[in-house]
Amino acid sequence: MISPATDAQPRLAVGWRMWVASGVIMLCSWLSYVDRQVLAVLSPMILRDTRLSVEAYAEAVSAFSFAYMIANPAWGSILDRIGLRIGMLIAVGVWTAASVSHAWVGGLVGFATARAVLGFGEGATFPGGLRTAADSLPADRRSRGMAIAYSGSTLGAIVTPLLVTPVALAYGWRPAFLITGALGAMWLAAWGTVARPPWLIDSRRTPRINLPNLRERRFWMLAAGMGLGGAPLGTVLTMSPVYLNRALSMTQAELGRILWAPTLGWGIGYYFFGWIADRWVADRQR
């Protein structure tokens, strides 16, 4: 079923079909966490084979984090300017290439560069998820749409150890990064098909790139909410494999069986609090 069209509003899907765009962008956030977590999950094996120190590994991870921090507001503005469909195709194409490039590097400079480009591309994930929910769903369903879009990140973090550990144990850690390239190519094909009416409206674009207003209180509310929650979670996801391997002598195979656990509650929380937010939205436009 498709909603009636007017001259000002394109025809949009209704019923379960209205959730298709959010579902595809959920796969995007799923892919982003698969791509970023492969290095962390396989870090004991990678550090052993490349002779990188834990300090060098932490610096490479930091390169991702700094690029990601800068890219989030930048991609929000870029998507407003060039459009959601084209913007996400560019972003995911960039980070897929960066993820695959890990298979051919072996030193600090190579890993740091690959991680920085990966972080820059992945900065479009959450702005894209928010914009997708806004452009495909009515107001009383957008929080749940955002929850669906963002929950892919937790599912990606849960699945990554189960997905790449067997590949790394059988063929080595480098082929594990090639899997991310194939997954990225499949997502690009899916997004190219879905990111158009009736699944997603062609949203109005801004005439120029406008960066966030740092004097706007709502900007800092959002930044603090995401940042304060993400700081401990990021540390757990990126450093726990190294700690468990070095301090508790856990093998790569053992890590592959347990590293999904920290993100399970995170994923449940997305859906629960998305439902709570929709219940409270009512007519509170602010």
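The values are calculated or read from the model by the stated rules, or taken from the named source; none is laboratory data. These numbers were taken from a predicted model, which means no experiment stands behind them. With ideal geometry, Cβ positions are generated from the backbone for all residues, glycine too; neighbour counts draw on all protein chains shown. Areas reflect the complete protein model, heavy atoms only, side chains present, ligands, DNA and RNA absent. Shrake-Rupley method; radii C 1.70, N 1.55, O 1.52, S 1.80 Å.
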TODO: From LEU244, LEU233, LEU211, grab the single residue that is modelled with pLDDT under 80, surrounded by 13 or more Cβ atoms within 10 Å (Cβ to Cβ) and under 29 Å from THR96 (Cβ atoms).
DONE: LEU233
Open item on the list: Suppose we keep only residues that are over 16 Å from the mean Cα position of the chain (by Cα) and surrounded by fewer than 21 Cβ atoms within 10 Å (Cβ to Cβ) within region 12-40. Which one would you say is modelled with the lowest pLDDT?
Closed with: ALA13
- [ ] For region 109-156, name all the residues that are closer than 20 Å to MET18 by Cβ and among the basic types (Lys, Arg).
- [x] ARG131, ARG141, ARG142, ARG144
TODO: Can you run down the residue pairs with Cβ atoms below 7 Å, 6 or more apart or on separate chains, where the first is in region 157-169 and free of Cβ contacts under 8 Å to residues at least 24 places away in the same chain and the partner is surrounded by 21 or more Cβ atoms within 10 Å (Cβ to Cβ)?
DONE: VAL167/ALA176
- [ ] Please give the number of the condition ARG144 fails out of (1) modelled with pLDDT under 90; (2) among the charged types (D, E, K, R); (3) buried (at least 23 other Cβ atoms within 10 Å of the Cβ).
- [x] (3)
Task: Residue that is surrounded by the most Cβ atoms within 10 Å (Cβ to Cβ) [pool: residues in region 79-104 that are at pLDDT 90 or above and of a type in the set (Val, Ile, Thr)] - done: VAL92
- [ ] Determine which single condition SER43 fails, assuming it passes every other condition in (1) open to solvent by 30 Å² or more (accessible area, probe 1.4 Å); (2) at pLDDT 90 or above.
- [x] (1)
Task: Per-region count, region 227-286, residues in a helix (DSSP H, G or I), of a type outside the set (A, V, I, L, M, F, W, C) and farther than 26 Å from ARG141 by Cα - done: 14
